Amino acid sequence: MDKSLDKQLCVVTAASHGIGKAIAQRFIREGADLIVADIDIDAAKQVYANNSQVVDIVKFDAANADDFDKIAEAVKKTGRKLKAVVPVVGGGPNHPISDITPAEFRLVMDLNVTSSFFTVQKVLPYMSDKSAIVLISSIAGFQGGKNAIAYNAAKAAVRSMARSFTGELAERGIRANAISPGPTETQGFTDFVQGNDEIRNGIISQLPIGHIGQPSEIASVALFLASDESSYVTGAEIIADGGFTNR
């Protein structure tokens with residue numbers, strides 16, 4: 001069976017844990033050559049150092065504007081064109097409206113919006129025709145939960161960027177789409193439920209599909225959007241939330 005990303009060069013950030021790790025590992029199984037980036041370079045090396053399909057491991061701080069060039073340089077050094085870029089970095093502190101500070105607000109925007117935009121901008125010169133941008137938004141970007149105004153606004157901006165990238169880059173054959181995950185088994189979700197089974201079971205009760213999402217399930221969506229299987233899909237948002245927002 002043909003692999004959907006066989007020998008295609010892709011970039012995945014935040015690749016040493018959670019959704020980013022699941023996406024990178026799925027891409028590898030589908031034959032991709034990867035440039036992976038993460039702020040925790042030791043963790044990234046532990047996961048990928050012995051994998052021949054990982055052509056570079058980049059130490060990348062999404063809150064440091066100078067680090068975006070590192071990813072572009074890694075791509076340039078290969079002398080190859082990119083098939084897909086998946087900026088996964090996100091998160092950040094959240095507080096009620098009255099408590100969040102300007103510095104915290106800027107950090108959330110940097111981690112989610114600025115990092116997504118400039119990761120894409122810097123690698124654009126190396127993207128091939130029929131390549132793909134896959135952004136990671138969240139159902140928070142349209143649902144608007146409390147005590148998370150900065151994060152909600154940031155993920156709404158990421159959703160919007162998929163459409164804006166599409167409008168400007170379609171003439172180059174570059175597609176751009178966003179994935180909006182719902183509750184997913186990541187460290188962020190673990191921190192949210194704080195080991196409280198009542199909270200966890202309450203969330204599961206609101207999921208028609210009956211289980212918390214696995215990072216591998218989000219990775220399957222990312223693979224679809226990064227590959228030619230989604231050649232007629234651009235400017236779209238795929239909601240992968242187990243039906244949470246459809247209840």
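The values are calculated or read from the model by the stated rules, or taken from the named source; none is laboratory data. Remember, predicted model here, so these are calculated numbers, not experimental data. Here the Cβ is made from the backbone with ideal geometry for all residues, glycine too, and neighbour counts use every protein chain on show. The area values use the complete protein model at the heavy-atom level, side chains included, leaving out ligands, DNA and RNA. Shrake-Rupley method; radii C 1.70, N 1.55, O 1.52, S 1.80 Å.
Within the range 18-40, work out how many residues are open to solvent by 30 Å² or more (accessible area, probe 1.4 Å) and aliphatic (A, V, I, L, M). Residues flagged as open to solvent by 30 Å² or more (accessible area, probe 1.4 Å) and aliphatic (A, V, I, L, M) within the range 18-40 amount to 1. Is it the case that some residue within the range 89-97 is modelled with pLDDT of 95 or more, of a type in the set (Gly, Ala, Ser) and under 18 Å from residue 188 (Cα atoms)? Taking every residue of the range 89-97 in turn, none turns out to be modelled with pLDDT of 95 or more, of a type in the set (Gly, Ala, Ser) and under 18 Å from residue 188 (Cα atoms).
Table: residues versus (1) at pLDDT below 95; (2) of a type in the set (Val, Ile, Thr).
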| residue | (1), (2) |
| --- | --- |
| 199 | yes, yes |
| 202 | yes, no |
| 219 | no, no |
| 224 | no, no |
| 228 | no, no |
| 232 | no, no |
| 245 | yes, yes |
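Filtered by the rule that a residue be of a type in the set (A, V, I, L, M, F, W, C) and either in a loop (DSSP other than H, G, I, E, B) or touching a Pro at 6+ places or on another chain (Cβ under 9 Å) (or both), the range 159-192 gives 174, 189, 192. Checking each residue of the range 63-73 against the condition of being assigned to a helix (DSSP H, G or I), aromatic (Phe, Trp, Tyr) and open to solvent by less than 30 Å² (accessible area, probe 1.4 Å) gives at least one match.
When each of 129, 99 is tested for being over 25 Å from residue 241 (Cβ atoms), touching a residue at least 12 places away in the same chain (Cβ under 8 Å) and open to solvent by 40 Å² or more (accessible area, probe 1.4 Å), the lone residue that passes is 129.
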